1. Being among the hydroxyl-bearing types (Ser, Thr, Tyr) and closer than 23 Å to LYS108 by Cβ is the filter here; which residues of the stretch 131-154 pass it?
2. Return a yes/no flag: does the stretch 36-46 have any residue that is over 25 Å from ASP127 (Cβ atoms) and either touching a residue at least 60 places away in the same chain (Cβ under 8 Å) or outside any loop (DSSP other than H, G, I, E, B) (or both).
3. Looking at (1) under 26 Å from HIS134 (Cβ atoms); (2) surrounded by 15 or more Cβ atoms within 10 Å (Cβ to Cβ), which one does GLU47 not meet, given that it meets all the others?
4. Go through the stretch 78-185 and tell me which helices (runs of 4 or more DSSP H), entirely inside it, have 2 or more residues that are at pLDDT 95 or above and either among the acidic types (Asp, Glu) or surrounded by fewer than 16 Cβ atoms within 10 Å (Cβ to Cβ) (or both).
5. With the requirement that a residue be more than 18 Å from the chain's Cα centre (by Cα) and not hydrophobic (A, V, I, L, M, F, W, C), what does the stretch 73-107 give you?
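The values are calculated or read from the model by the stated rules, or taken from the named source; none is laboratory data. Bear in mind that the values here come from a model prediction, so they are computed numbers and not experimental data. In this analysis, Cβ positions are derived from the backbone assuming ideal geometry, glycine residues included, and neighbour counts consider all displayed protein chains.
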Amino acid sequence: MPVQIGVKAHGFKEPLELLSDCHRRIEMFLGILEAIAKCVDRAPSEEARRALDSALRYFREAAPKHTADEEQSLFPRLRRVRSASIEHALSKIDELEREHLWAETLHKEVDALGRRYLSRGKLSSDDAGRFQQHVASLSGMYERHISIEDRDLFPVAKEALPQADKLAIAEEMENRRTGSPARKA
């Protein structure tokens, strides 16, 4: 299955929709990890090898930018909004940030095990079990985490944040991906 990491349905001028698009990529790459977890006790096919390499690269390189988009750009701006209508969404942010930290640790372990699998062609039964457990844990967490963000947080942010904040978030997101200095509005 060919995988293109940079594909997106929305542009940077729609930052909240782009964050949701990132969730679809996270789900896709988690699906790859889940499929690979079922067969890490035997040699991967060339297709499985490419898919796993793409998934590991996504979680190593692109996913941290998504986390930064939320933690450095979106969450601080939402915390500054004073409105009773967003209190429920705000109550979720601390939990989401804790999950980001927890997931980062598991992703490092999955990455190390996945690279070991790619270099050796199979994992020991202990390593295979750890890989499978970590992938299952990540999948369960992301299912809940993404639901909270897509259902509770992003729609509220779209309504509550002023356009200037959305544009600033968009610019910061683009800068994280292109490395270009932020433009002044």
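1. SER137, SER139, TYR142
2. Looking through the stretch 36-46, none of the residues is over 25 Å from ASP127 (Cβ atoms) and either touching a residue at least 60 places away in the same chain (Cβ under 8 Å) or outside any loop (DSSP other than H, G, I, E, B) (or both).
3. Looking at each condition in turn, GLU47 falls short on (2).
4. The helices (runs of 4 or more DSSP H) meeting that bar are 87-120, 125-148, 163-178.
5. Hits for the stretch 73-107 are PRO76, ARG77, ARG79, ARG80, ARG82, SER83, SER85, GLU87, HIS88, SER91.
Table: residues versus (1) within 11 Å of the chain's Cα centre (by Cα); (2) modelled with pLDDT under 95.
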residue: LEU33; (1), (2): no, no
residue: CYS39; (1), (2): no, yes
residue: ARG57; (1), (2): no, no
residue: ARG60; (1), (2): yes, no
